[in-house]
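Notes follow the structure.
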Amino acid sequence: MPRYWCGGSPFMTHMLNVYTLLVPDNELYYIRHINRVIDATDDPELARRIRNFCRQEAQHGTGHKAFWDVLDAQGVRYRRFIGFVGWFNYRLLEPLIPRRMHLANIACIEHINAYLGNFYLERDLLRDAEARVRLLFNWHFAEEIEHKCVAHDAFVAAGGNYLLRMLGVVLVVPLFYLINTVGTFYLLAQDGELLRRRTWRDIGRFLFRDGALMHALRNLAVYCKPDFDPTQIDDFALARDFFATLPQSGDGAPAPITPV
């Protein structure tokens, strides 16, 4: 595995390495809190979708954690970083937050994950990445789009309202981008790449030429509308197109994929 597996770019590689490091604990956080809605809802269809959501999230965590072996083999030092993030997010903050607020947080994070999936798949940003890692991320991004409605619907079913949803934005968005940025800079600094011209060229290209900044701002603005619903952003075709590239089921038919 090349050290800079995403097109030879230290910035793109380490930004996605940090995403990989954060996924397993994030997914366990989702499962801990969204599972509570299953027992509280009288909607069997929503309960079914939540169970499928939790299965997918558990698989994401397992898939990304397996990639840590590659980082270990490359000598990447990351355990202090994820140890601090885990302590801060899940031992310090999580017990202080009201139960309904956790569902608002999860709905917001899932919206971010879905628009990141949209961004990477639509622009094919991983086309130059090493094939195995490209498959890992594109699979994850496609499933984030596929199940993007579940966390929002669970939040609404549990009595979530607009005020709570906006409080989730205030808490989640700065923390999400701060942790990812600090982690990326931490890994770049380890390699002596943080202050190099090519790193800041790649940061500028990602934010402005590729459009990551405006894409995020547009999607966050949509999320802040009082009548927001995830289906208003109809990008399920991106997930279906990716799933169509995967191996078929044993009878020769495409493996069944039902958006949730």
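The values are calculated or read from the model by the stated rules, or taken from the named source; none is laboratory data. Small disclaimer: the values here were computed from a predicted structure and weren't measured. Positions of Cβ are backbone-derived with ideal geometry, glycine not excepted, and every protein chain shown enters the neighbour counts. For the accessible areas, the whole protein counts, side chains as well, though only heavy atoms, and no ligand, DNA or RNA atoms are used. Shrake-Rupley method; radii C 1.70, N 1.55, O 1.52, S 1.80 Å.
List the pairs whose first member sits in the stretch 43-65 and is closer than 9 Å to Glu27 by Cα and in contact (Cβ under 8 Å) with a residue 24 or more places away in the chain, whose second member is open to solvent by less than 10 Å² (accessible area, probe 1.4 Å) and of a type in the set (A, V, I, L, M), and whose Cβ atoms are under 6 Å apart, counting only residues at least 6 apart or on separate chains?
Matching pairs, first to second residue: His60/Val23; Gly61/Val23.
Condition first: surrounded by 20 or more Cβ atoms within 10 Å (Cβ to Cβ), part of a helix (DSSP H, G or I), touching a residue at least 60 places away in the same chain (Cβ under 8 Å) and more than 17 Å from the chain's Cα centre (by Cα). Can you find one or more residues in the stretch 6-24 that meet it?
yes
Answer yes if at least one residue in the stretch 212-229 is of a type in the set (S, T, N, Q), touching a Lys or Arg at 6+ places or on another chain (Cβ under 9 Å) and modelled with pLDDT of 95 or more, and no otherwise.
Looking through the stretch 212-229, none of the residues is of a type in the set (S, T, N, Q), touching a Lys or Arg at 6+ places or on another chain (Cβ under 9 Å) and modelled with pLDDT of 95 or more.
Filter the stretch 193-250 down to the residues that are acidic (Asp, Glu) and not in a loop (DSSP other than H, G, I, E, B), then identify the one that is most open to solvent (accessible area, probe 1.4 Å).
Per the criteria, the residue is Asp241.
Please go through the stretch 117-147 and give me each residue that is open to solvent by 30 Å² or more (accessible area, probe 1.4 Å) and within 28 Å of Tyr162 (Cα to Cα), ordered by number.
Residues satisfying the conditions do not exist here.
Tell me, yes or no, whether the stretch 97-115 has at least one residue that is in a loop (DSSP other than H, G, I, E, B) and open to solvent by less than 20 Å² (accessible area, probe 1.4 Å).
Of the residues in the stretch 97-115, the ones in a loop (DSSP other than H, G, I, E, B) are 97-98.
Remaining after also requiring open to solvent by less than 20 Å² (accessible area, probe 1.4 Å): none.
Checking the stretch 97-115: not a single residue is in a loop (DSSP other than H, G, I, E, B) and open to solvent by less than 20 Å² (accessible area, probe 1.4 Å).
Can you pull out every residue in the stretch 25-79 that is open to solvent by 50 Å² or more (accessible area, probe 1.4 Å) and hydroxyl-bearing (Ser, Thr, Tyr)?
Thr62
Tyr186 versus (1) open to solvent by less than 60 Å² (accessible area, probe 1.4 Å); (2) within 25 Å of Thr13 (Cα to Cα): which is the lone unmet condition?
(1)
The conditions are (1) at pLDDT 95 or above; (2) of a type in the set (Phe, Trp, Tyr); (3) out of contact with any helix residue (DSSP H, G or I) (no Cβ under 7 Å at 6 or more places or on another chain), and Trp139 fails exactly one of them. Which is it?
(1)
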